[in-house]
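Below is one structure, written out as structure tokens; comments come after it.
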Amino acid sequence: QKVIQLADASVIYEEGADPALKNINLTVKQGEFICVLGRSGAGKSTFIRTINALQPLQEGSVQVLNKDLAGLSEKQIRSVRADIGMIFQHFHLIPRLSVLQNVYTGRFGHRPSWKNLLGIFSDQEKETAEHYLSEVGLLEYAGRRVERLSGGQKQRVGIARAMVQEPAVLLGDEPVASLDPTTSDHIFQLLRRLHEDRDLTTIVNVHDVELASAYADRIIGLYEGELVFDGKPGDMNQRT
Ligand code: ADP
Ligand code: ADP
């Protein structure tokens, strides 16, 4: 089943500028683990932002979970985003809150309740957050302030926060670009494990070919906004 479909999708930020995405055509099926590969400025982040409805297209169409994102109301967009988990290069955590509070208050497309903002959680909310913290190996850090964590640990908190939503689609915008190689590898191992354990479709931007080849089922290569490769990691050696 297709989860995402782009048809002749183009993004142009400013009149006269080169398109950040140029006539992209592709379909993502449920259960795929995709790495979007490309250098800085290739359009990876724009690609992710078209899928989570942060960036409208100038041409073409994008469908996510069977909804065409053009012309949706705010409420409909929120409902699509409720099924999308996001992780980021710089984590987007709230520094002075605890790990547990971050997992529960920073969900994508979700406005926290005033109770959550004051650090008040129902037993159910606490249990859910703790469950996902334990999945990412950070349960013992639940009460700690996120600013005291290492980069790898912060990204694990980001991942737990995304998983709390029980998303159908997990999107990562360069989630390991600020991490050292060993930590990056650990984060990809975790993403892969979470992906296998549920019905997830995962799309992660990277600029490291080795990481993409090691972990992705499929690689989407972007260069100056154009799709220049779409295939299995093993196909990269065979094509010219
Ligand atoms: P990547 O994530 O691969 O580094 P981006 O999607 O961030 O690439 O950027 C693609 C191109 O679009 C780049 O040339 C970048 O300068 C441009 N761009 C990105 N965001 C904006 C913006 N908000 N306004 C204008 N140009 C932008
Ligand atoms: P860093 O290198 O910044 O500490 P990592 O992502 O490698 O970041 O690890 C973060 C923390 O999670 C570490 O304390 C590590 O011991 C722990 N950890 C790593 N993998 C697992 C796992 N599969 N289960 C439980 N804990 C883990």
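The values are calculated or read from the model by the stated rules, or taken from the named source; none is laboratory data. Just so you know, these numbers come straight off a predicted model, no measurement behind them. Note that we place each Cβ from the backbone using ideal geometry, even for glycine, and neighbour counts take in every protein chain shown.
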Inset, instruction - Tally the residues that are at pLDDT below 90 and among the charged types (D, E, K, R), restricting the search to region 74-115. - result: 4
Inset, instruction - Could you check how many residues of region 22-58 are of a type in the set (S, T, N, Q), buried (at least 20 other Cβ atoms within 10 Å of the Cβ) and in a loop (DSSP other than H, G, I, E, B)? - result: 1
Legend entry - Single condition E127 does not satisfy, out of (1) modelled with pLDDT of 95 or more; (2) more than 23 Å from the chain's Cα centre (by Cα): (1)
Legend entry - Residue check for V103: within 17 Å of T201 (Cα to Cα), β-branched (V, I, T) and out of contact with any Ser or Thr (no Cβ under 8 Å at 6 or more places or on another chain): no
Legend entry - Within region 197-220, considering residues that are acidic (D, E) and assigned to a helix (DSSP H, G or I), the one nearest to ligand 1 (Cβ to nearest atom): E210
Legend entry - Criterion violated by E174 - all others in (1) over 14 Å from the mean Cα position of the chain (by Cα); (2) in contact (Cβ under 8 Å) with a residue 12 or more places away in the chain satisfied: (1)
Legend entry - Single residue of region 145-176 satisfying the filter (surrounded by fewer than 19 Cβ atoms within 10 Å (Cβ to Cβ) and among the acidic types (D, E)) that is farthest from ligand 2 (Cβ to nearest atom): E166
Inset, instruction - Out of L194, L179, L139, report the one residue that is touching a Gly at 6+ places or on another chain (Cβ under 6 Å) and more than 16 Å from ligand 1 (Cβ to nearest atom). - result: L179
Legend entry - Sole residue being in a strand (DSSP E or B) and either touching a Cys at 6+ places or on another chain (Cβ under 7 Å) or touching a residue at least 40 places away in the same chain (Cβ under 8 Å) (or both), chosen from D18, D8: D8
Inset, instruction - Determine whether region 53-74 contains at least one residue that is within 16 Å of ligand 1 (Cβ to nearest atom) and of a type in the set (K, R). - result: no
Legend entry - Residue list for region 89-144, restricted to those being assigned to a loop (DSSP other than H, G, I, E, B), within 15 Å of ligand 2 (Cβ to nearest atom) and under 23 Å from S79 (Cα atoms): F91, L93
Inset, instruction - Specify which of the listed residues (L179, L222) is surrounded by 15 or more Cβ atoms within 10 Å (Cβ to Cβ), within 16 Å of ligand 2 (Cβ to nearest atom), modelled with pLDDT of 95 or more and of a type in the set (A, V, I, L, M). - result: L179
